[in-house]
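Structure record follows, encoded as structure tokens.
The values are calculated or read from the model by the stated rules, or taken from the named source; none is laboratory data. Since we're looking at a predicted model, the values are computed, not measured. Counting neighbours? That spans all protein chains shown, and the Cβs are built from the backbone with ideal geometry, glycine included.
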Amino acid sequence: MKAVLFESFAQTPRIATLPDPTPVNHGVVIKVQATGVCRSDWHGWMGHDPDIQLPHVPGHELAGTVEAIGKDVQRWKIGDRVTVPFVGGCGTCPECHAGHQQVCHNQFQPGFTHWGSFAEFVAIDQADLNLVALPETMDFVTAASLGCRFATSFRAVVDQGRVSAGQWVSVHGCGGVGLSAIMIADALGANVVAVDIADDKLELACRLGATKAINATKVPSVAEAIFDLTNGGAHLSIDALGHPETCFNSIVCLRRRGRHVQVGLMLAEHSTPQVPMARIIAHELELLGSHGMQAHRYDAMLAMVQSGKLAPDQLVGREISLEESIHALMEMNRFQSVGATVISRF
Ligand SMILES: [Zn+2]
Ligand SMILES: [Zn+2]
């Protein structure tokens, strides 16, 4: 098969011809029809993820058709249209038994723990547990945009954030995660304040459901601006970027008993950000992480997509070829495009 391969970290990957994968007994091989390019792939390529062993094929936001099936797989057949969460469960650890596959003790992460989907084919373990059937009406490019940023945002807003109608939600960073969170929070009846440093992203945020927008470079204090707009602070705030400054702002803009959800990754030199613990105690703030979303929770998200309440296709930006993904991957940290970049030609 044709795939993007890197043999050392932070060095230009190449297009390689590799053996086609074969499924393990409980796994499948998926013919990749579309796969997103994500900042997590950039982190992996830079060597920030200890799970990655070289040489490596990146890619975790995939959709495609089942190409081959292991002998123990019961729920899937060849040709099924599927996607996967970026964290797959092992099916046997206590968290998997409790239904929390997104924090499984023995995670299967295509593009991190295993070779990923910047390739014609990708093998996925524990297929009965980890695959999600796509609605017939959903195209592969849109489906590929669900698995990481959109699903993570859904969990952050709905399951971790526990948002309810009429609450104020602030979203710090209007990249893929942030825009997804804005669309989802708006659909659930919340009032959303979008924060970014780029006016074009804030305009898109408002088109996708934000009620108010703050350009962080144009106000003396983001937190004070949010307090003013929300009459006392956000009920729920999300750091969708993953930076010490947005993390801090997201916590200090909360009203009392508010909830901060950290979605943007904090790796390398950002892994231990400053946290205002005195405020967290005095105001009884909640700090939560959000790490993908388990396959069995896709039902709720897909139902909202099918009913038209959520339109993830609006978050898709450029479609590119596998060859073009090398440049896109290497530029991911420097140049954050408006809308997700998806590989759809292999
Ligand atoms: Zn991703
Ligand atoms: Zn597990």
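Condition check: away from ligand 2 (no atom under 16 Å from the Cβ) and outside any strand (DSSP E or B). Does ALA123 satisfy that?
Values: away from ligand 2 (no atom under 16 Å from the Cβ): yes; outside any strand (DSSP E or B): no.
Spelling it out, it is not the case that ALA123 is away from ligand 2 (no atom under 16 Å from the Cβ) and outside any strand (DSSP E or B).
Which of the residues belonging to the stretch 129-155 are among the hydroxyl-bearing types (Ser, Thr, Tyr) and within 16 Å of ligand 1 (Cβ to nearest atom)? Before you say what the answer is, go through the steps one by one.
So in the stretch 129-155, the residues among the hydroxyl-bearing types (Ser, Thr, Tyr) come out as 137, 142, 145, 152-153.
Of everything in the stretch 129-155, those that are among the hydroxyl-bearing types (Ser, Thr, Tyr) and within 16 Å of ligand 1 (Cβ to nearest atom) turn out to be THR142, SER145, THR152, SER153.
I need every pair where a residue in the stretch 41-60 that is more than 20 Å from LYS2 (Cβ to Cβ) and modelled with pLDDT under 95 has its Cβ under 7 Å from the Cβ of a residue that is assigned to a helix (DSSP H, G or I) and hydrophobic (A, V, I, L, M, F, W, C), sequence separation at least 6 or different chains.
Cβ pairs passing all conditions: TRP42/LEU329; HIS48/ALA268.
Hey, among HIS243, HIS291, HIS283, HIS260, which residue is farther than 19 Å from LEU62 by Cβ and out of contact with any strand residue (DSSP E or B) (no Cβ under 6 Å at 6 or more places or on another chain)? Walk me through it before giving the result.
On the way: HIS291 fails: farther than 19 Å from LEU62 by Cβ; HIS283 fails: out of contact with any strand residue (DSSP E or B) (no Cβ under 6 Å at 6 or more places or on another chain); HIS260 fails: out of contact with any strand residue (DSSP E or B) (no Cβ under 6 Å at 6 or more places or on another chain).
The conditions single out HIS243.
Among the candidates PHE118, PHE108, which residue alone is free of Cβ contacts under 8 Å to residues at least 40 places away in the same chain and in contact with a Gly (Cβ under 7 Å, 6 or more places away or on another chain)? Show your work before the answer.
On the way: PHE118 fails: free of Cβ contacts under 8 Å to residues at least 40 places away in the same chain.
On inspection, the qualifying residue turns out to be PHE108.
Hey, could you check the stretch 42-69 for residues that are charged (D, E, K, R) and assigned to a loop (DSSP other than H, G, I, E, B) and say which is farthest from ligand 1 (Cβ to nearest atom)? Don't jump to the end; show me each part of the working.
Taking the stretch 42-69 and keeping what is charged (D, E, K, R), we get 49, 51, 61, 67.
Now restrict to residues that are assigned to a loop (DSSP other than H, G, I, E, B): 49, 51.
Numbers: ASP49: 12, ASP51: 14 Å.
Looking at residues that are charged (D, E, K, R) and assigned to a loop (DSSP other than H, G, I, E, B), I get ASP51.
For residues that are surrounded by fewer than 17 Cβ atoms within 10 Å (Cβ to Cβ) and either modelled with pLDDT under 95 or more than 15 Å from ligand 2 (Cβ to nearest atom) (or both), tally how many sit in the stretch 81-97.
The initial filter retains those residues of the stretch 81-97 that are surrounded by fewer than 17 Cβ atoms within 10 Å (Cβ to Cβ), namely 92-94, 97.
So of that shortlist, the ones also either modelled with pLDDT under 95 or more than 15 Å from ligand 2 (Cβ to nearest atom) (or both) come out as none.
Here the count works out to 0.
Confirm whether MET1 is more than 17 Å from GLY292 (Cα to Cα) and within 16 Å of ligand 1 (Cβ to nearest atom).
Working: more than 17 Å from GLY292 (Cα to Cα): yes; within 16 Å of ligand 1 (Cβ to nearest atom): no.
The answer is no for MET1.
In this structure, is VAL163 β-branched (Val, Ile, Thr), within 16 Å of ligand 1 (Cβ to nearest atom) and either within 17 Å of THR65 (Cβ to Cβ) or more than 18 Å from the chain's Cα centre (by Cα) (or both)?
Values: β-branched (Val, Ile, Thr): yes; within 16 Å of ligand 1 (Cβ to nearest atom): no; either within 17 Å of THR65 (Cβ to Cβ) or more than 18 Å from the chain's Cα centre (by Cα) (or both): yes.
No: the conditions fail for VAL163.
Which one of GLY258, GLY264 is buried (at least 16 other Cβ atoms within 10 Å of the Cβ) and under 17 Å from SER153 (Cβ atoms)? I'd like the intermediate steps shown before the answer.
Details: GLY258 fails: under 17 Å from SER153 (Cβ atoms).
The conditions single out GLY264.
How many of the residues making up the stretch 16-42 are surrounded by 15 or more Cβ atoms within 10 Å (Cβ to Cβ) and within 17 Å of GLU323 (Cα to Cα)?
From the stretch 16-42, those surrounded by 15 or more Cβ atoms within 10 Å (Cβ to Cβ) are 16, 18, 21, 23-24, 26-42; that's our starting set.
From what's left, within 17 Å of GLU323 (Cα to Cα): 16, 18, 32-38, 41-42.
Of the residues in that region, 11 qualify.
Residue by residue through the stretch 156-172, note down the ones that are closer than 27 Å to ALA63 by Cβ and surrounded by fewer than 24 Cβ atoms within 10 Å (Cβ to Cβ).
VAL158, ASP159, GLN160
Anything in the stretch 220-233 that is in a helix (DSSP H, G or I) and of a type outside the set (Gly, Ala, Ser)? List them, or say none. Full working, then the answer.
Taking the stretch 220-233 first, the residues in a helix (DSSP H, G or I) are 222-230.
VAL222, GLU224, ILE226, PHE227, ASP228, LEU229, THR230, listed by residue number.
State the number of residues belonging to the stretch 46-60 that are touching a Ser or Thr at 6+ places or on another chain (Cβ under 6 Å) and more than 16 Å from ligand 2 (Cβ to nearest atom).
Taking the stretch 46-60 and keeping what is touching a Ser or Thr at 6+ places or on another chain (Cβ under 6 Å), we get 51, 59.
So of that shortlist, the ones also more than 16 Å from ligand 2 (Cβ to nearest atom) come out as 59.
Summing the residues that are touching a Ser or Thr at 6+ places or on another chain (Cβ under 6 Å) and more than 16 Å from ligand 2 (Cβ to nearest atom) in the stretch 46-60 gives 1.
Does any residue of the stretch 94-107 turn out to be under 19 Å from the mean Cα position of the chain (by Cα) and within 16 Å of ligand 1 (Cβ to nearest atom)?
Yes - at least one qualifying residue is present in the stretch 94-107.
Among the numbered criteria (1) modelled with pLDDT under 95; (2) surrounded by fewer than 22 Cβ atoms within 10 Å (Cβ to Cβ), which one does LEU241 miss?
(2)
Do any helices (runs of 4 or more DSSP H) lying entirely in the stretch 151-219 carry at least 2 residues that are among the charged types (D, E, K, R) and away from ligand 2 (no atom under 16 Å from the Cβ), and which ones are they?
Values: elements: 151-154, 176-187, 199-207.
Here the list reads 199-207.
From the list ALA127, ALA133, ALA144, which one is in contact (Cβ under 8 Å) with a residue 60 or more places away in the chain and either more than 18 Å from the chain's Cα centre (by Cα) or within 19 Å of SER8 (Cα to Cα) (or both)? Break it down into steps so the answer makes sense when it comes.
On the way: ALA133 fails: in contact (Cβ under 8 Å) with a residue 60 or more places away in the chain; ALA144 fails: either more than 18 Å from the chain's Cα centre (by Cα) or within 19 Å of SER8 (Cα to Cα) (or both).
Selected residue: ALA127, the only one of ALA127, ALA133, ALA144 that is in contact (Cβ under 8 Å) with a residue 60 or more places away in the chain and either more than 18 Å from the chain's Cα centre (by Cα) or within 19 Å of SER8 (Cα to Cα) (or both).
Give me the residue from the stretch 281-307 that is under 14 Å from the mean Cα position of the chain (by Cα), more than 12 Å from LEU146 (Cβ to Cβ) and small (Gly, Ala, Ser) and, out of that set, surrounded by the most Cβ atoms within 10 Å (Cβ to Cβ).
Within the stretch 281-307, the subset under 14 Å from the mean Cα position of the chain (by Cα) is 289-295, 298, 301.
Cutting the leftovers down to more than 12 Å from LEU146 (Cβ to Cβ) gives us 289-291, 294.
From what is left, the residues that are small (Gly, Ala, Ser) are 289-290.
Details: GLY289: 12, SER290: 23.
Top of the filtered list is SER290.
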